[in-house]
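A quick write-up on the structure given underneath.
The values are calculated or read from the model by the stated rules, or taken from the named source; none is laboratory data. The structure presented is a predicted model; accordingly, all values stated were derived computationally and were not measured. Note that each Cβ is placed from the backbone with ideal geometry, even for glycine, and that neighbours are counted across all protein chains shown.
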Amino acid sequence: MTASPAGPARLRRAAGDRRAQLVQIGLELLPTTPVQELTIDDVARRAGISRSLLFHYFATKRDYYTAVTRAAADLLLEHLLPRPGTSADDPVPGMLDRYVGWVETFRETHLAFVRGAAGGDPWVAEVYEETRARLVEVALDALDLPDDRGRRQLILAWFAFTEDLVAQWVQEPTMSRADLLVLLRDVLDRLVK
């Protein structure tokens with residue numbers, strides 16, 4: 001007679017798979033928990049591993065937070081890009097609508113990201129600046145504008161305005177969503193044309 005195991009067998013994963021799993025757990029927690037408030041113990045428990053094993057894959061808590069933040073930024077960028085098969089005539093309204101939806105879904109996390117970058121967290125600021133630079137490229141491409149320093153500066157300023165207004169609007173809508181989208185597009189058009 002053989003003894004049966006007390007619980008489910010642990011699944012041994014390749015290092016890349018385990019890292020991806022741990023980042024995915026962080027992403028799943030982001031709608032309700034800003035990245036800086038994720039607990040390593042909770043993430044490890046959800047992954048079915050020990051805290052020390054998590055630190056085998058990420059040397060420090062900051063390394064883990066940075067990986068989750070980068071993954072979230074990549075998802076945001078992917079979310080904002082026009083969907084395959086959609087009209088390429090004017091991709092900006094769709095991008096704006098998807099951005100507003102993103103902030104509605106991830107408001108607290110988004111605010112923590114923006115405020116963390118402004119508050120001097122160097123690792124958040126680095127990811128934030130990389131993300132904004134990529135968003136500027138997406139906007140320049142969507143608007144079919146030449147890439148020059150002046151336009152980049154104006155679009156960055158518009159992003160700051162948009163981040164703040166959308167975050168406030170999600171908390172306290174003072175206009176319809178349609179009016180918000182029209183206003184954001186109007187301000188962008190006035191700045192870059």
So, of the residues in the range 141-166 that are in contact with a helix residue (DSSP H, G or I) (Cβ under 7 Å, 6 or more places away or on another chain) and outside any helix (DSSP H, G or I), which turns out to be nearest to Leu80 (Cα to Cα)?
Leu145
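For (1) among the β-branched types (Val, Ile, Thr); (2) surrounded by 15 or more Cβ atoms within 10 Å (Cβ to Cβ), each residue gets a yes or a no:
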residue: Ala72; (1), (2): no, yes
residue: Val92; (1), (2): yes, yes
residue: Val114; (1), (2): yes, yes
residue: Val127; (1), (2): yes, yes
residue: Arg132; (1), (2): no, yes
residue: Glu137; (1), (2): no, no
residue: Arg151; (1), (2): no, yes
residue: Trp158; (1), (2): no, yes
Among the residues in the range 83-92, are any under 28 Å from Ala125 (Cβ atoms), β-branched (Val, Ile, Thr) and modelled with pLDDT of 85 or more?
no
Please name all residue pairs, on different chains or six or more residues apart, with Cβ atoms under 6 Å, provided the first residue is in the range 119-142 and is farther than 20 Å from Thr109 by Cβ and the second residue is assigned to a helix (DSSP H, G or I) and at pLDDT below 85.
Ala142/Val92
Does any residue in the range 148-170 that is modelled with pLDDT of 90 or more come within less than 9 Å, Cβ to Cβ, of a residue that is outside any helix (DSSP H, G or I) and not acidic (Asp, Glu) six or more places away or on a different chain, and which pairs are these?
Arg151/Leu145; Ile155/Leu145; Gln168/Thr174; Trp169/Met175
Do we have Val138 as within 27 Å of Ala67 (Cβ to Cβ) and either aliphatic (A, V, I, L, M) or not in a helix (DSSP H, G or I) (or both) here?
yes
Considering only residues that are under 22 Å from Ala73 (Cα atoms) and not charged (D, E, K, R), which ones fall in the range 34-46?
Pro34, Val35, Gln36, Leu38, Thr39, Ile40, Val43
Criterion first (touching an Asp or Glu at 6+ places or on another chain (Cβ under 9 Å), in a helix (DSSP H, G or I), among the hydrophobic types (A, V, I, L, M, F, W, C) and farther than 19 Å from Leu81 by Cα) does Val170 satisfy it?
yes
Pick out, from the range 11-90, the helices (runs of 4 or more DSSP H) lying fully within it that include 3 or more residues that are over 29 Å from Val136 (Cβ atoms).
15-29, 40-47, 51-57
